[in-house]
Amino acid sequence: MGIGGKREQESAGSAEEQELAGEKERVKEKEPAGEKERVKEQEQAGEKEPAGEKEPAGEKELAGEKELAGEKEPAGEISYVEICGISTELPGSKLLVTGAGGFCGGHAVRHFTAAGYEVHAMFRPGSVRTAEGRENGAHHVELCDLEDMDALRVLVDRIRPDAVLHLAGSNHAGASWKEPAAFLQANLMGTVHLLEAVREAGHSCRIVVAGSMLGYVLPEAGLPRPPHPYSLSKTFQLAAALSWHSMYGMDIIVADPGNLTGPGPSTGLCALLARYAASCEAAAASGGAPPPVFKLSSSMEQRDFLDVRDAVSAYEAIIRHGVSGRRYAIASGTMRTLGELAGICQSLATCPLEIEIGSSSAASPQPADVSSLRALGWVPVISFERSVADTLESERKALKLI
């Protein structure tokens, strides 16, 4: 079963004919038999319907009346995408989630399972987090290493997923300085192996590759100057993903998440600060020595923080409605200072926190352009304050304070 969004198909003509066919013909999805006249009538009327979605018989007129009246169905509790007004009714859609044991991966498994997908949660063999796949509701737990090309081919051919959410990889910029080759292997070659496994399986499948806003744009002239090996590995990953789309006509989208916050095993700044606050609370409760002072580079540096649960709902919007071959920034669109983050943590903590503020003059990143993502109907629904509070609560639970 296909999942929404624009699909690409191969043409039997010559390279010149393919060129003249244009982007529209390359991304157009094959229509089921008997559907061509209906789709043609919709196009003439100026209507658009996401691929794979059909309204139940007898419901079309009622849905139209509600839309004209400005009514919306009550938001459910199972999916943030429903709150955003995006339908999640995709019975039987198979979704393969790589990196299911990671921070975002765990939330993705929970979200997509609740939204009605048949989720295949992929873990590296020997991972200590495989049990979490079942706990998060995955229908199937798959053990496979992205470096094992043969095993990956067998896995993809067996599942034949309608979509793949590729979250696996190495994402610690600091550690990449010591192991640049390992980061290139994980982020570049792991992605290439996955793309090849899907290509060789030969069935329709949308692939959403999780990139990074820390990726680097290669200059037209001069030497490339990536800030760290991690950035370089994500740059090559992006180039590979979009090249496989261009060269082979595969249905691939790159989504670049920013600074994710929220409950779970994260190594992001918000989680580190919340972990420090929880450790201070534990020390105060037990009478032990507090942890060392937490150091922030500056109170004025800005970041775009987004809750991981909102990020997962963005991934679903992209899977369902994104345009093949495009990049989407996954961010809130609102910049926050590090001083704001520290202030919220201090206000939520049950004891004083020792936070040392540096005087770094490092430039803050530019705000992300999220207009393309918003055009898909997605909006974040979790406030920054709530996200920080949930992150702190998660760290308290990890230390058994609550």
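Which chymotrypsin sites (Phe, Trp or Tyr not before Pro) does segment 115-211 hold that lie in a coil by DSSP with at most 16 other beta carbons within 10 Å?
On the way: sites: TYR117, PHE123, TRP177, PHE183; in loops: TYR117, TRP177.
For chymotrypsin sites (Phe, Trp or Tyr not before Pro) across segment 115-211 that sit outside H, G, I, E and B with at most 16 neighbouring Cβ atoms in 10 Å, the list reads TRP177.
What Kirkwood Rh does segment 91-257 have if only Cα atoms enter the pairwise 1/r average? Answer in Å.
Values: mean 1/r = 0.0619 Å⁻¹.
Across segment 91-257, the inverse of the average 1/r is 16.2 Å.
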Handout entry: Label point 7 Å beyond Cα of GLU385 along Cβ direction - residues of segment 262-303 with amide nitrogen under 15 Å
Key = none
Completion exercise
Applied in sequence order to segment 376-386, the curve 6.51 cos²θ - 1.76 cosθ + 1.60 (Karplus, θ = phi - 60°) yields integer Hz couplings, x standing for Gly and Pro, of 7, x, 8, 9, x, 10, 9, 5, 4, 4, 5
Practice task
Find, among the trypsin sites (Lys or Arg not before Pro) in segment 158-202, those assigned to loop by DSSP (not H, G, I, E, B) with at most 10 other beta-carbon atoms within 10 angstrom.
Solution key: LYS178
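Ranked highest first by the average count of other Cβ atoms within 10 Å around their residues, in what order do 108-116, 147-155, 333-341, 96-104 fall?
Values: 108-116: 23.6, 147-155: 15.4, 333-341: 17.8, 96-104: 25.7.
Going from most to least packed, we get 96-104, 108-116, 333-341, 147-155.
Any idea what diffusion coefficient segment 286-363 gets from Stokes-Einstein, in µm²/s, Kirkwood Rh on alpha carbon pairs, 20 °C, 1.002 mPa s? Can you show the working numbers first?
Working: Rh = 15.5 Å.
Stokes-Einstein gives a translational diffusion coefficient of 138 µm²/s.
Send over the semi-axes of segment 343-402's equivalent ellipsoid, whole angstrom and largest first, taken as the square roots of 5 times the C-alpha gyration tensor eigenvalues. Numbers along the way, then the final one.
Values: eigenvalues 169, 91, 15 Å².
They are 29, 21, 9 Å, listed from largest to smallest.
Based on the Cα atoms of segment 219-366, what semi-axes does the equivalent ellipsoid have, where each is the square root of 5 times one gyration tensor eigenvalue, given in whole Å with the largest first? Walk me through the numbers on the way to the answer.
Values: eigenvalues 267, 74, 36 Å².
Those come to 37, 19, 13 Å.
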Exercise for the section: Go through segment 388-402 residue by residue and turn each phi into a ³J(HN,Hα) via Karplus (6.51, -1.76, 1.60, θ = phi - 60°); whole Hz please, and just put x for glycine and proline. Expected result: 5, 4, 5, 5, 5, 4, 4, 5, 5, 5, 4, 8, 6, 7, 9
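Distance cut-off 30 Å, Cα to Cα: go down the list LYS94/LYS178; LYS295/LYS397; LYS178/LYS397 and report the pairs above it.
Details: LYS94/LYS178 38 Å; LYS295/LYS397 24 Å; LYS178/LYS397 32 Å.
Checking Cα-Cα distances, LYS94/LYS178; LYS178/LYS397 exceed 30 Å.
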Practice task
Tell me the label-point distance for the pair ALA131, SER243, using the 7 Å Cα-to-Cβ offset, in nm and rounded to one decimal.
Solution key: 4.2 nm
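Read-outs throughout are calculated quantities, based only on the coordinates presented, and are distinct from any laboratory measurement. Every value quoted in this text rests on a predicted model; they were computed, and no experiment measured them. Because the Cβ atoms are built from the backbone with ideal geometry, glycine has one as well, and the counts that use them run over all protein chains shown.
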